[in-house]
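The values are calculated or read from the model by the stated rules, or taken from the named source; none is laboratory data. Note that the structure is predicted; figures quoted are calculated from it, not measured. Using ideal geometry, Cβ is built from the backbone for each residue, glycine included, and neighbour counts are taken over all protein chains shown. Side chains included, ligands, DNA and RNA excluded: accessible areas come from the protein's heavy atoms. Shrake-Rupley method; radii C 1.70, N 1.55, O 1.52, S 1.80 Å.
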Amino acid sequence: MSDTLVSGIIGRRVEVNGERATVRFSGVVPPVAGLWLGVEWDNPERGKHDGSHEGTVYFKCRYPTGGSFIRPNKVNFGVDFLTALKKRYVLEDGPEDDEREQVVRIGSKDVETVGFDCILKQQSQLSRLRDISLRKCAVCGAGEKGRIAEACPNIREVDLSQNLLSSWDEVTQIAGELALLEALNLSENKLQFPSDSLSLTGTFSTLKVLVLNQTGITWAEVLWCAPEWPVLQELYLASNGISISERPTDVLQTVKLLDLSSNPNIDENQLFLIAYLPRLEQLILSNIGLSSLHFPDAGIGGKTSMFPALQYLVVNDNQISQWAFINELDKLQSLHALSCIRNPLTEGSKEVQNTRQLIIAKIAQLKSLNKCQIFPEERRGAELDYQKAFGNEWKKAGGHQDPDRNRPNEEFLAAHPRFQLLCDKYGTPEDGELKVQQPFMLKNQLLTLKIKYPSQLDQQVLEKRLPDSMTVQKVKGLLSRLLKVPVSDILLSYESLKVSSQRQVPYSKTCHRTVPGATVWHVEHALSALIHTHLVLILDAGQRN
């Protein structure tokens, strides 16, 4: 671009040496002659000032080092959609186009490819393209009207993230020529959105997935644009500084997935404004500073009418530190999957696996936790152990094995809303099964394992005390050294003290049905589920025939 003033340049998105910025000023900056552009960088540390020079304010920046003055000939104003598409996907035919082998240089080596020319030819047929990525291709607009629709009428998915689009109008012009558009990614384009409701154009009538992460959109602007998205199913709004200011009315009713991650202004009261989206199945709330949640329409053991279709909730990287938050999640009617890693409640515990089991016990319908499936035997073990762990507290609060005398107080029921349901399911815990809380010391984390040899009846039973965190593989290694046989030749099985010795469960089978990296603790819980009683663990070790 020459050093001449361009009309409508203010607000344009530009690129300088790979860094993106927005033009905030165009003109002379004395005492240096010539035209300058004042830009505000996307990276607030990229600049040198806040738009001021020698006491004169030429433009304003959000950050003190967000601005710079740049000569126009140093700036890339971008290219239109079709130019970028051809540059990325079209290869000019050469005189040796019929050859079947090509040499491509990868690193310092020449690699001969066979059939690669066919791929290139297919890509160069723009009319056949369905899914395209123009990420970081400096796209700034649609270009000449009608050319996109003529060249590539079958495009369904478009990635336009990290480009130079500056307004929603430019996006609408591009989408208006893609009649079959189903998915559109506009992340990291600093867009100017309409300040009022739009007239319906039908431009996005087929759009199902829209990604607007880091675009600067507000919740009001989402609602203004939403009537144009009549069949939208997935909406991504991460890192926009959004506050949910009003309830969606007659819009976003088809949305199944909503991502509001990294919007720290959102709190639990704002979440209630989206609680009645009828088809919302997945809600992503990572890194919003969430610490509490309470559904006022549901009491202890009840179900809330909010989020009626919600099946998967993600609350990673928040400030959740109280079990009351987990208790509230049991009130959700349809919740089957939860991800809640990197929270004080889950990360601060010395016994991460205990935390997992407590969450499982507290949320009845949960089938997956932190992307790890919950098998029936793990659930049963978790619920039984939950009863044992809090049985003494239950008794002190007024709980009793006699139904006529069982009256736990409100404080206990509020802290453990599922405890009574578990008693109805499994029976009340016996006194001998109740666990006494011990200080977190190594000696209190040991399990007693009795090891016997079925093939050698005269062999004395060996007793070992091992940490409950010890993995199954390490147990087998220990037995290998004791028996002086290879690990691969050792079979392990269980025998309950309360059940006939004829009923044994293969050690390896049980471990693989719990969770990856199974420990002795996992095995004990799995067995509790399989044979319907609390166990003292006994290991049978014998050589494989």
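Worth a mention:
- Whichever residue in segment 384-443 is surrounded by fewer than 10 Cβ atoms within 10 Å (Cβ to Cβ) and touching a helix residue (DSSP H, G or I) at 6+ places or on another chain (Cβ under 8 Å) and, among such residues, is modelled with the lowest pLDDT: 438
- For residue 291, the requirement of being on the phi > 0 side of the Ramachandran plot, open to solvent by 20 Å² or more (accessible area, probe 1.4 Å) and outside any helix (DSSP H, G or I) is not met.
- Segment 464-513: number of residues that are more than 36 Å from the chain's Cα centre (by Cα), surrounded by 14 or more Cβ atoms within 10 Å (Cβ to Cβ) and at pLDDT below 75: 6
- Checked against (1) in a loop (DSSP other than H, G, I, E, B); (2) surrounded by fewer than 20 Cβ atoms within 10 Å (Cβ to Cβ); (3) not hydroxyl-bearing (Ser, Thr, Tyr), residue 242 passes all but a single condition, namely (2).
- Residue 28 falls short on exactly one of the conditions (1) open to solvent by 60 Å² or more (accessible area, probe 1.4 Å); (2) in contact (Cβ under 8 Å) with a residue 24 or more places away in the chain, and that condition is (2).
- Of 68, 2, all but one fail to be part of a loop (DSSP other than H, G, I, E, B), over 34 Å from the mean Cα position of the chain (by Cα) and either at pLDDT 90 or above or not basic (Lys, Arg) (or both); the exception is 2.
- Boolean, residue 223 is in contact with a Pro (Cβ under 8 Å, 6 or more places away or on another chain), surrounded by fewer than 20 Cβ atoms within 10 Å (Cβ to Cβ) and among the hydrophobic types (A, V, I, L, M, F, W, C): yes
- Some residue of segment 331-344 being farther than 30 Å from residue 253 by Cα and either among the aromatic types (Phe, Trp, Tyr) or open to solvent by 30 Å² or more (accessible area, probe 1.4 Å) (or both): yes
- Exactly one residue out of 214, 282, 233, 253 is touching an Asp or Glu at 6+ places or on another chain (Cβ under 9 Å), open to solvent by 60 Å² or more (accessible area, probe 1.4 Å) and over 26 Å from residue 22 (Cβ atoms): that is 282.
- Only one entry of 177, 170 meets the criterion of being buried (at least 21 other Cβ atoms within 10 Å of the Cβ) and not in a loop (DSSP other than H, G, I, E, B), and that entry is 170.
- Any hit, segment 309-320, residues being more than 26 Å from residue 220 (Cβ to Cβ), in contact with a Gly (Cβ under 9 Å, 6 or more places away or on another chain) and open to solvent by 60 Å² or more (accessible area, probe 1.4 Å): yes
- Residue match in segment 402-414 (condition: touching a residue at least 12 places away in the same chain (Cβ under 8 Å) and closer than 24 Å to residue 282 by Cβ): no
- Filtering 253, 233 for residues that are touching a Pro at 6+ places or on another chain (Cβ under 7 Å) and modelled with pLDDT of 95 or more leaves a single hit, 253.
- Matching residues in segment 184-211 - criterion: being small (Gly, Ala, Ser) and open to solvent by less than 20 Å² (accessible area, probe 1.4 Å): 187
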